[in-house]
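A.B. asks: Quick one: this structure, given as structure tokens, is what I'll be asking you about.
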Amino acid sequence: MTQNQPPQNAQPPQPAPLPGVDRIIAVGAGKGGVGKSTVAVNLAVGLARAGAKVGLLDGDIYGPSFPTMLGLHGQPPKARGNVLLPFETHGLKAMTLGALVEEEKPLIWRGPMAHGAFRQIAMQTEWGELDYLIIDLPPGTGDVPLTMSQLLPLTGAVVVCTPQKVAQDDARRAVRMFQTLGIEVLGVVENMSYFIGDDGKEYDIFGKGGAQIMASQMDIPFLGTLPINTALRHNCDAGDPTANFTTQGQLADEFNALTQSFTTRVDDFLAAGGAQQPTISVT
Ligand code: ADP
């Protein structure tokens, strides 16, 4: 065995509780670029707009996108002693490693360093009382998202997927990763489901419904679809997710529907007994 291999009997990390935080939800994806961060940010904003106390943690530590998506560039984080004060923006409390490192500096970390950084920003941020903490995980099913999923006591996970077959295949792996860890997959969101052109016609670019079929084949709930939408992309780039909800129209309707189906699903899951602590060890 080389020095870099973990011992065969390596124990999974023990989840550390976050006092005052009621529901911890991870948003994951089988691969990057499918809109995982977009869903995490807008779900958090939707929950906050519905009256919940919401925290949002950027766990996508190799490519943190919250400084751009929440409009945090140029705002230095504040601290009290060695405790970070979250950014209060769009009705949320948010923290991102992107605000703590130099912009454009590559984050080149081995797994244990990445886990350590994630644990620190999760545990050393003054979240206060929260109904939900939404965590944007790194994409994929590698060591970093896997270990991060075990560092906090998750209520459950949401998997974001685009409709194409290859995206579904990756999303299946993400679903299996959570299930192997004993984490409830609360549901699948199909992003970039379809496109409505200026002519008002719906264009089925990637194969609308593919992620929904995958969810039903895997016997997990389907939470909703989001269209390809230029305003959504613009609002993400402009750091203004609130605009997705305040501009009347299809986008606001889709996000409100997604927020509602997510809330109903979490409430039902918790009413039925909720999350059991994972007992499976993955070596
Ligand atoms: P991931 O977190 O999966 O890597 P992001 O959420 O960062 O993906 O999204 C990647 C890019 O695609 C971003 O520029 C985002 O604004 C854009 N995007 C995501 N979903 C949509 C959508 N439904 N319509 C238009 N643009 C989108």
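The values are calculated or read from the model by the stated rules, or taken from the named source; none is laboratory data. All values reported here derive from a predicted model rather than from experimental measurement. Counting neighbours? That spans all protein chains shown, and the Cβs are built from the backbone with ideal geometry, glycine included. Please note that ligands, DNA and RNA were not included when accessible areas were found on the heavy atoms of the full protein model with its side chains. Shrake-Rupley method; radii C 1.70, N 1.55, O 1.52, S 1.80 Å.
A.B. asks: Which one is nearest to the ligand (Cβ to nearest atom) among residues in segment 49-74 that are buried (at least 24 other Cβ atoms within 10 Å of the Cβ) and not in a loop (DSSP other than H, G, I, E, B)?
C.D. replies: Top of the filtered list is 69.
A.B. asks: Right, next: Cβ-Cβ distance below 6 Å, separation of 6 or more or different chains: which pairs start in segment 133-156 with a residue that is closer than 18 Å to residue 58 by Cβ and end on one that is of a type in the set (D, E, K, R) and open to solvent by 10 Å² or more (accessible area, probe 1.4 Å)?
C.D. replies: Here the result reads 136/60; 138/60; 139/31; 151/119, each pair linking segment 133-156 to a residue that is of a type in the set (D, E, K, R) and open to solvent by 10 Å² or more (accessible area, probe 1.4 Å).
A.B. asks: Additional query: Please name all residue pairs, on different chains or six or more residues apart, with Cβ atoms under 8 Å, provided the first residue is in segment 179-204 and is within 26 Å of residue 217 (Cα to Cα) and touching a residue at least 24 places away in the same chain (Cβ under 8 Å) and the second residue is within 14 Å of the ligand (Cβ to nearest atom) and of a type in the set (Lys, Arg).
C.D. replies: 190/208; 193/208; 194/208
A.B. asks: Return a yes/no flag: does segment 170-186 have any residue that is surrounded by fewer than 17 Cβ atoms within 10 Å (Cβ to Cβ), more than 16 Å from the ligand (Cβ to nearest atom) and among the hydrophobic types (A, V, I, L, M, F, W, C).
C.D. replies: no
A.B. asks: Is there a residue being closer than 20 Å to residue 95 by Cβ, within 12 Å of the ligand (Cβ to nearest atom) and either without any contact (Cβ under 8 Å) to a residue 60 or more places away in the chain or surrounded by fewer than 21 Cβ atoms within 10 Å (Cβ to Cβ) (or both) anywhere in segment 222-239?
C.D. replies: The answer is yes, given that some residue of segment 222-239 is closer than 20 Å to residue 95 by Cβ, within 12 Å of the ligand (Cβ to nearest atom) and either without any contact (Cβ under 8 Å) to a residue 60 or more places away in the chain or surrounded by fewer than 21 Cβ atoms within 10 Å (Cβ to Cβ) (or both).
A.B. asks: Then there is this: Using the structure shown, decide if residue 166 is of a type in the set (A, V, I, L, M, F, W, C) and either buried (at least 23 other Cβ atoms within 10 Å of the Cβ) or in contact with an Asp or Glu (Cβ under 8 Å, 6 or more places away or on another chain) (or both).
C.D. replies: Taking the combined requirement at face value, the residue does not satisfy it.
A.B. asks: While we're looking at this one, here's another question. Anything in segment 240-267 that is among the hydrophobic types (A, V, I, L, M, F, W, C) and in contact (Cβ under 8 Å) with a residue 60 or more places away in the chain? List them, or say none.
C.D. replies: Selection gives 245, 255, 258, 262, 266.
A.B. asks: Output the residues belonging to segment 148-189 that are touching a Lys or Arg at 6+ places or on another chain (Cβ under 8 Å) and of a type in the set (Asp, Glu).
C.D. replies: Of everything in segment 148-189, just one residue is touching a Lys or Arg at 6+ places or on another chain (Cβ under 8 Å) and of a type in the set (Asp, Glu), namely 170.
A.B. asks: Scan segment 26-35 residue by residue and report those that are touching a Pro at 6+ places or on another chain (Cβ under 6 Å) and either closer than 19 Å to residue 245 by Cβ or within 6 Å of the ligand (Cβ to nearest atom) (or both).
C.D. replies: Selection gives 29, 32.
A.B. asks: Additional query: Within the bounds of segment 253-272, is there any residue that is within 15 Å of the ligand (Cβ to nearest atom) and more than 22 Å from residue 26 (Cα to Cα)?
C.D. replies: yes
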